[in-house]
Structures are given as C-alpha cells and as structure tokens.
1. Under 29 Å between alpha carbons, and skipping anything fewer than 8 positions from C:Lys254 in its own chain: which lysines qualify?
2. If the reach is capped at under 18 angstrom between alpha carbons, list the aspartates and glutamates near A:Lys45, excluding any in the same chain fewer than eight residues apart.
3. For chain C, what value does the Rg/Rh ratio take when both radii are computed over Cα atoms and Rh is the Kirkwood radius, given to two decimals?
4. Probe radius 1.4 Å, ligands and nucleic acids left out: can you give me the accessible area buried at the A-B interface, summed over both chains, in Å² to the nearest hundred?
5. Which log10 I(q)/I(0) values does the protein assembly as shown give at q = 0.05, 0.06, 0.07, 0.08 Å⁻¹ under the Debye formula, counting every alpha carbon as one identical point scatterer?
6. Per 10 Å bin, what is the whole-percent P(r) computed from every C-alpha pair distance within the stretch B:112-305?
7. Can you run phi through the Karplus equation (6.51, -1.76, 1.60; θ = phi - 60°) for the stretch C:289-297 and list ³J(HN,Hα) in whole Hz, with x for Gly and Pro?
8. What value does the stretch A:11-50 have for Rg/Rh, both radii from Cα atoms and Rh as Kirkwood defines it?
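The values are calculated or read from the model by the stated rules, or taken from the named source; none is laboratory data. On a predicted model such as this, the values are computed, not experimentally measured, just so you know. A quick note on method: Cβ atoms are made from the backbone with ideal geometry, for glycine too, and the neighbour counts reach across all protein chains shown. SASA here: full protein model, heavy atoms, side chains in, ligands and nucleic acids out. Shrake-Rupley method; radii C 1.70, N 1.55, O 1.52, S 1.80 Å.
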Amino acid sequence: MFKFIIRRIIQTIPVLIGVSILVFSMMHLVPGDPAQIMAGESAPKEQVENIRERLGLNEPLPVQYFSYIGDAIQGDLGNSMRSGREVTEEIGTRFWVTVELALYSTIVAVFIGLIAGVISATRKYSFADTSLMLIALFGLSMPNFWLGLMLIQWFAIGIDLPSWVPFISDTSWFKPSGWGSFQQVVLPVITLGTGSAAIIARMTRSSMLDVIGQDYIRTARAKGVKERIVIYRHALKNALIPVVTVVGLQFGGLLGGAVLTETVFAVNGMGKLIIDSIMARDFPVVQGTILVVALLFVFVNLLVDIAYRFLNKRIDLD
Amino acid sequence: MSHSTEHIDNTRTVEPSNPNPNSNPRFKNWKIVFRKLKKNKSAMIGGFFILFFIIVAIIGPFLTTYAPDTQNLVNKLQTPSGEHWFGTDNFGRDIFSRIIHGTGLTLLVGFFSVLLGATIGILLGIIGGYYGGRTDSIIMRFMDILLAFPGILLALAIVTVLGGSLVNVIIAVAISSIPVFARIVRGSTLSVKKLEYIDAMKALGASDTRIIFKHIFPNITSPIIVQATLNIATAILSASGLSFLGLGAQPPTPEWGAMLSDGRNFLYNAPHVALFPGLAIVAVVLAFNMLGDGLRDAFDPKTKE
Amino acid sequence: MTSTPKHYENILEIKELQTSFFTKELEVKAVDGVSFTIPKGKILGVVGESGSGKSITALSVLRLIEEPGKIVGGEIRFKGENLLNKSESEMRSIRGNEISMIFQEPMTSLNPTFTVGQQIGEAYKIHQGLNKKQATEKSIEMLKLVGIPSPEKRVHQYPHELSGGMRQRVMIAMALACDPELLIADEPTTALDVTIQAQILDLMKDLQERLGMGILLITHDLGVVAETCDYVAVMYCGKVVEFTDTKTLFKAPKHPYTVGLMKSIPPHDHDIEGDLSVIQGSVPSPAEMPKGCRFAPRCPFATDMCRENLPDLMTDENGNQIRCWIYSDEWDGDPEVNVHAETERTS
C-alpha cells in the first residue's frame with residue numbers, strides 16, 4: 001500500500017510538469033505580442049516595453065519557464081496587471097470559496113445520487129425507477145448556467161403564488177448573488193450539484209444492479225438475512241467501490257463547472273476570477289488561477305486513487 | 001486482389017468458431033444491434049428528435065416570419081404571444097426565430113467538435129494501444145496532462161489563447177474531448193490486439209496500417225459510436241457554456257448560449273428571454289443523451305433482445 | 001429445532017413442484033411437476049444436465065427464486081409442514097438455520113468485502129442472537145470443524161486470501177453454523193480441483209454422519225452420486241425421470257436417459273457437463289419442448305407413442321419410480337427391448 005502511494009505520487013510528477021508547461025505557454029501562444037495585448041491596443045510604446053521588462057518577456061523561453069516555475073514553487077505566481085497585487089493574494093480567499101462550493105455540491109450530489117440510485121436499483125423498472133432515471137437524464141442534459149438562472153428567477157426573484165396557496169405568497173427566499181450565508185449558498189450548490197447527482201445516481205443504479213446479481217447476495221439471502229440488510233449491508237458496500245471513483249472525478253469536474261456557476265451567481269471564487277481576468281486580459285492571474293485549479297484537481301485524483309485502492313485492495317490483490 | 005482474398009481465407013482458418021463461412025459475423029452483429037435499437041424506446045425517441053432538429057435546422061430558417069437579427073426596439077422584451085411565440089429580446093428580435101436559426105449552429109458545433117476531437121483521439125488511441133511501449137506511454141501521459149484541467153477549464157484556456165469565436169470554440173471543445181476517445185480506443189485496441197488472428201495476420205506479413213484499419217478499427221467501432229453520440233451532448237453543453245461566458249459566438253449570432261447570456265440581465269422583468277434558449281439546449285442535449293444510452297444498451301452483448 | 005417436534009419420517013417431501021420463468025411471450029417451466037422425498041438423515045442426489053431444473057428445484061426449496069421466476073404449484077413439505085404456506089419472515093428464520101445451502105462457485109459466493117468471521121458469524125447473530133464476540137468464537141469452532149488450519153487467524157481474513165477449496169470449506173462452515181436439519185448442496189465440488197473435490201465430499205459425508213442432517217445434493221456427476229448418496233433422482237427437462245436408491249440405480253438403471261448418463265461417465269473424474277457425447281442430440285430449448293416424452297427426440301428406443309404422449313411417473317413394488325413408456329403395460333415397441341444394449345452411435 002505504501003509502495004503504491006509512493007509510486008502514484010511519482011506518476012503525477014510528469015503530469016504536473018506538463019500542466020505547468022501548458023499553463024506557462026498560454027501567454028506565448030496568444031497570437032500577437034503578449035505585452036501589447038496586456039497593455040491594450042492603444043497603449044503607448046514605453047508602457048508596453050515596461051510590461052515586457054517587468055514580465056521578463058525578453059528572456060529566452062526556457063529561462064522564462066524556469067523562472068516562472070521557480071517562483072511558483074515558492075508561492076509567487078506573479079502580479080496582477082489590473083490591481084498590481086500578487087496573484088496568490090488575488091486567489092487567496094477565493095480559493096476556499098470555490099473549494100467550498102465544489103465540496104458542498106459534491107456532498108449534496110453524493111447524498112441525493114446514492115439514495116436515488118439505490119431506490120432505482122432495488123425497484124428496477126418500477127414507476128419510481130423510471131421517474132428517477134428520467135429526472136437524472138434531465139439533470140444530465142441541463143446546462144448548469146441555465147438551471148442557475150431559472151433557480152434565481154424562481155427562488156431569489158421569486159414567483160408570485162396564487163392566493164389560495166396557504167402560508168406563502170411568494171418564493172423569493174434565497175439570494176441571487178454572493179457567497180457565505182445559507183441563503184446565498186443554497187442555489188449555487190443546487191446548480192452545480194445537479195449534474196453530478198444525476199451521474200452518481202445512474203452510476204449507483206448500474207453498480208447496484210450488478211452487485212445484486214452476484215452469487216454472494218444469494219448466499220446472504222440463503223443465510224436468512226433480511227432483505228433490507230442484504231441491500232444496505234451486503235450489496236451497497238460492494239456497489240460503492242466503483243462509485244467512489246466517480247465521486248472523486250465529479251469533485252474535480254465541479255471545480256471546472258464552478259466557472260459558470262460562480263459567474264451566474266456572482267460568487268467571488270476562482271472561477272469568476274478566471275473569467276474576469278480573461279475579460280481584462282490579465283494573463284498572470286488567468287495563468288495562476290488555472291494552474292492552481294489544475295493542481296487541486298490532480299491532488300484530488302491522487303487521493304481518490306489511493307482511496308479506491310484502499311477500498312478495493314481485497315479484490316485487487318488476487 | 002488475389003492478395004487480399006488470400007488474407008481473408010487465412011483469417012477463416014484461425015477462426016474455428018465461425019461455422020458458416022458465408023455468414024459474416026460482424027454483419028450479423030450489426031443486425032442484432034439494429035434490432036435491439038428498434039426496441040429501445042429511449043434510443044428511438046432520441047433519434048427521432050435529433051432527426052427533427054436536423055430538419056428544423058435545414059428548412060426552419062426559410063419558414064420563420066422574422067429574420068433572426070431584425071431589431072425592433074418598440075417591441076422589445078415582449079412576452080410570448082401569437083405574434084412572437086417565444087416573445088422578443090431586448091432588441092425586439094423574435095426569440096423563436098433566433099432559436100430556429102441557432103439550431104443549425106448548435107448541431108454543427110456539436111458535430112464538428114466531436115468529429116475533430118474523435119478523429120485525433122482515435123488515432124492517438126490506436127497508435128498507443130497498437131504499438132505500446134514508449135509511444136504509448138508518451139501519448140497517454142500527454143492525455144493525462146490534458147485531463148488534469150477539470151471540466152470546461154481546458155476549453156476555456158484554449159479559447160482564451162485563440163480568441164473568442166465559434167470556430168475557436170469548436171477547436172477548444174474538440175481538443176478537450178481528445179483524451180476520452182484516446183483512452184477508450186486504446187483500451188479496446190489492447191483487447192482486440194490480444195486476439196489470436198491479429199498475431200496470425202502479422203505472421204502473414206500484413207502491414208501495420210492494414211491491420212489497424214482493416215482488422216482493429218472495425219472491431220472497436222461500437223464503443224466509439226456510443227462515446228461520440230454522448231460526447232455531442234457534452235460538446236453542445238460546453239460550447240454553449242463558453243458562448244454564455246462571452247468567449248464563443250459573438251453578437252448578433254443567434255447562438256443559444258449567447259442568447260441565454262443576454263437573458264441574464266432581464267430575469268426580473270422578462271424571464272422568457274433566458275427560458276427558451278435554455279429549453280432548446282436541454283431538448284437537443286437530451287435527445288443525444290437518449291440516443292447514446294440506447295446505443296450503449298444495443299451494443300452491449302449482455303442486454304437481451 | 002425451534003418448532004415443536006412432530007412425527008415425520010421424511011425431512012423433505014416435494015410433491016408436484018412447479019417453478020416457471022415468465023417472459024412476455026412465454027412461460028418456461030423450469031421445474032415441471034417434480035416429486036421426491038428425503039428420509040431423515042439421508043442423502044439424496046439429484047442428477048441431470050444443465051437446464052434440467054435441478055438447481056431451480058434446490059432454490060425453490062428455500063424459496064429463493066427471483067423474478068421473473070415463480071413457484072406456481074405443488075408442495076414442499078419440510079418436517080411435515082408446507083414451506084409454500086410460510087410467510088417471508090418465517091422463511092427467513094428457516095433459511096440458514098434449519099435448512100441451509102452451499103453453492104457451486106466458492107470464488108463468487110462469499111462477499112469480498114466482509115471477513116470470513118463476519119460472514120459465518122452473521123448466521124449466529126441472526127438465528128441465535130449472539131453478540132459479536134460470541135459469534136466470532138463460534139465461527140472459529142466451525143472453521144475448526146470443517147478442517148481449516150489456524151482458524152483463529154483465518155477468521156479475520158477476507159475471502160480473497162483463501163484458496164478455492166478453503167472458501168468452499170468456509171461456505172460449508174457457514175451453512176452448518178446453526179446445525180441445520182437439511183443441507184442443500186448445489187454442485188458443491190464442480191468448481192474445484194479434482195483432489196479438493198474428494199476432500200470436500202469426504203468432509204460433507206463425515207459431517208452428515210456426525211450431525212445427522214439430511215442432504216439434497218445437486219450434481220451432474222454420477223461418480224459423486226455413487227460415492228455419497230443414499231437415493232438418486234434423475235432429472236431431465238424439469239421432470240424426474242427416475243427415482244431410486246443408489247444401489248439399484250447403478251446395478252440396473254431403467255430409464256434410457258439414465259443409461260446414457262452412465263455410459264457417458266468418463267474414465268476418470270472429468271467434467272462432463274454439456275458433453276454427453278454418448279447421448280445424441282442436445283437438451284431441447286424450453287420454447288421447443290417436445291409434446292410427448294421430453295427425452296423422445298434423443299432416445300434410441302422412442303416410438304410414436306413416446307413422441308405423442310408424456311409418460312407418468314410409475315412406482316414399482318419397491319418404491320422405485322420411473323417415467324418411461326417401456327415399463328408400462330401400454331408399451332407399443334419391441335417387448336424384448338433391452339435398454340442396456342449398446343446403441344449405435346451416429347455422430
């Protein structure tokens with residue numbers, strides 16, 4: 001196990017190097033002169049030269065790369081063109097906002113996805129199964145930015161209910177923007193988590209169906225085990241193994257999806273930072289933030305692989 | 001041609017499981033798949049809707065009453081009516097007409113980005129799987145690097161570099177779908193490569209290209225078809241997402257994601273501006289997902305007819 | 001041991017059991033009117049090719065038939081009481097307690113995510129209300145009983161850490177944990193190496209003698225039957241075609257199918273499933289079940305009568321049963337027919 005973890009960590013090194021090269025090259029792959037683009041088309045010549053000098057764009061590419069990486073390892077991702085502040089400082093608290101958003105969404109998605117998947121699998125082809133899988137299919141097919149807009153309209157702006165509905169007159173319970181309070185968190189989390197919940201539900205269903213057909217489930221029944229325990233103890237424990245991988249991948253995917261969700265809900269996280277910086281041609285911030293998100297994703301995948309191996313070692317070692 | 005018939009005869013001798021030399025097992029499989037597909041409700045509904053959207057994309061633009069970019073500021077932000085089925089946007093443009101005109105764009109973006117991404121991915125996957133060794137590990141490491149950018153982020157980065165336009169969105173989405181195809185194709189190639197007759201072909205001196213295209217590729221088409229169908233759905237979602245962010249189609253293009261982005265600002269007084277383009281995206285993506293699910297079931301030898 | 005002792009001679013009596021599988025178009029009668037009895041403390045072997053319905057019969061006894069299968073008729077009397085009238089919770093208290101079962105595949109019949117001890121112990125927890133510690137102690141005793149070395153260590157291991165033979169011993173330990181009166185063993189040795197097969201059979205026989213339970217042994221291997229069983233039921237296409245004591249069966253098999261099976265016993269412990277080259281043809285598919293005797297299309301002695309009419313199961317003066325027109329008064333073929341004669345092979 002220990003050897004596996006070490007080997008897996010070593011395997012991520014080339015990926016990290018590749019990611020850093022790609023992120024670094026972003027600025028240089030842009031057609032035209034990066035310094036000019038960042039300064040703006042009408043900027044005076046000396047200002048462009050100034051930027052070129054400050055970013056070290058006159059050095060040969062490998063030198064630039066190594067100095068970028070050298071600085072990055074020490075926690076220096078350069079400075080924002082817009083604010084002049086350090087990129088790491090710009091990311092700062094936004095990092096945790098995005099992680100929180102992705103984490104809450106994952107938790108909600110896992111919770112809903114697992115329950116829906118188990119219900120579906122244990123009542124195969126029933127009305128409940130069919131409707132749950134239909135909902136999941138919709139969840140999978142919905143652009144999350146659109147879902148976000150609809151949620152804002154229904155539950156933040158609110159819809160006026162007809163007078164015969166008791167107790168509530170309108171539905172403007174939640175806040176359409178920002179991050180922090182419960183009223184602000186609910187809608188973005190639903191927006192971001194829906195797709196994942198759908199994927200996890202479908203995955204859990206097929207994994208459960210697979211396990212329920214296994215011989216050892218029949219053994220448990222032949223032993224006189226109650227059906228509920230057969231499902232939740234004997235079957236689910238095995239069915240969860242492949243689901244774990246999906247959950248890990250989902251968490252990573254949600255880091256990417258956060259770009260759209262944060263834009264829709266004006267959540268001040270890394271996703272919105274990327275978009276705002278792209279619009280402002282603030283390349284150091286774009287690069288730095290994308291690098292951080294990618295590193296976070298690689299790290300999560302590493303953890304998931306190890307967790308999977310840990311759960312699955314009994315089968316694997318055969 | 002005598003050369004090729006000789007090969008075919010030789011394959012037959014190493015495939016003792018084929019009792020009737022006249023029945024092509026591959027052809028028979030397709031027939032089974034097609035029969036299963038016809039019985040699959042989800043696939044049929046999905047396929048029907050895709051066909052419907054294609055027809056709408058082709059002839060729809062000739063039938064709409066309003067041009068997609070005719071502005072009429074007097075009539076702006078009107079709610080749906082007999083005049084304007086889906087209402088009008090902030091420039092008084094007819095939303096229904098814009099959606100009809102955007103259908104083709106959406107389908108083309110989905111189709112071409114998958115075509116491009118799949119072609120490159122398949123090539124890389126087959127090369128990696130077939131040759132193995134160093135080539136394989138370099139290709140797969142590179143795929144790992146691409147996969148390290150979660151979700152839409154890779155496409156976002158590429159569009160940032162290339163600049164926002166619909167063509168660049170296609171390229172960006174295509175590149176980000178390469179790894180999925182490369183991985184699937186590599187896996188299938190590895191399992192087909194293990195089959196005895198591939199060794200036999202090699203022993204007979206068939207060239208690598210011939211083995212790859214004549215013998216390996218036809219055997220791995222089913223996972224590719226399934227993945228491609230499902231990927232069109234994802235590609236449409238990503239592309240519209242990029243346009244929504246303002247990094248794809250530029251105004252006044254009637255692209256659905258961009259239309260949604262316009263609608264954002266009018267959620268308070270004209271929510272229909274955001275509603276309809278979103279529904280359109282859901283409908284198309286749903287159709288491809290349903291067809292993809294159905295195809296997967298149909299190709300799965302475990303599911304019964 | 002929970003129910004009040006009643007007077008019964010047979011631990012299990014199956015009468016006209018019918019279990020079918022339903023598809024949209026048709027009903028497949030997997031078990032079609034099967035009857036047999038197992039006297040207390042005896043071993044009954046049920047023999048047949050795959051598809052003969054023997055495993056479905058076994059699962060029917062425990063009422064473990066799953067959708068789209070269903071028991072549609074007959075009686076299953078265990079200690080005189082019809083199991084088909086029991087509620088699901090009554091059945092659960094019988095399963096693993098009074099009747100338990102061992103399956104064919106030891107590699108897949110144990111849950112990979114639980115330790116051996118957890119899996120054996122579960123039976124004690126359910127049926128005897130033991131706590132975790134007591135259950136583990138009992139599990140260790142059972143592992144000792146089935147001959148697993150260093151059981152204190154094995155009890156905490158996972159199935160993948162054990163060999164196939166070991167796993168089947170664990171299955172036996174689990175089945176025998178609550179001292180059942182009837183053990184159903186569905187091809188318990190088929191998936192094992194030849195040497196291990198003999199060990200497992202010896203173990204089962206030994207434990208049966210010590211614990212005095214009845215065994216329903218499902219197998220396709222007549223060699224196993226000869227070594228272990230007191231009685232034999234030969235099944236073909238969901239029906240019992242011959243039921244007799246083992247000695248009689250091997251001395252004078254009556255049904256042409258039984259005769260064919262005997263002739264196809266390979267010289268040494270080979271797997272014969274699906275390879276009964278001596279009997280021509282193959283088991284008919286459920287959709288094309290012959291109208292008359294199920295075996296008629298493959299039977300070298302079949303007449304028009306056989307092809308048209310299904311024979312009844314007839315009982316002779318010694319209680320042996322046979323389902324074949326040859327032994328009826330109405331037989332219209334050669335009256336001097338000898339089922340043991342070498343039949344010509346057309347293959």
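1. Of all the lysines, those that pass the test against C:Lys254 - Cα under 29 Å, at least 8 places apart if same chain - are C:Lys15, C:Lys29, C:Lys40, C:Lys42, C:Lys54, C:Lys205, C:Lys239, C:Lys263, C:Lys291.
2. Cross-link targets: A:Asp33, A:Glu53.
3. Here the Rg-to-Rh quotient is 0.99.
4. 3600 Å²
5. Reported log10 I(q)/I(0), two decimals: -0.43, -0.60, -0.78, -0.95.
6. All Cα pairs, binned at 10 Å, distribute as 9, 29, 29, 19, 9, 3, 1, 0 percent.
7. With coefficients 6.51, -1.76 and 1.60, one gets 5, x, 6, x, 4, 4, 8, 3, x Hz.
8. 1.24
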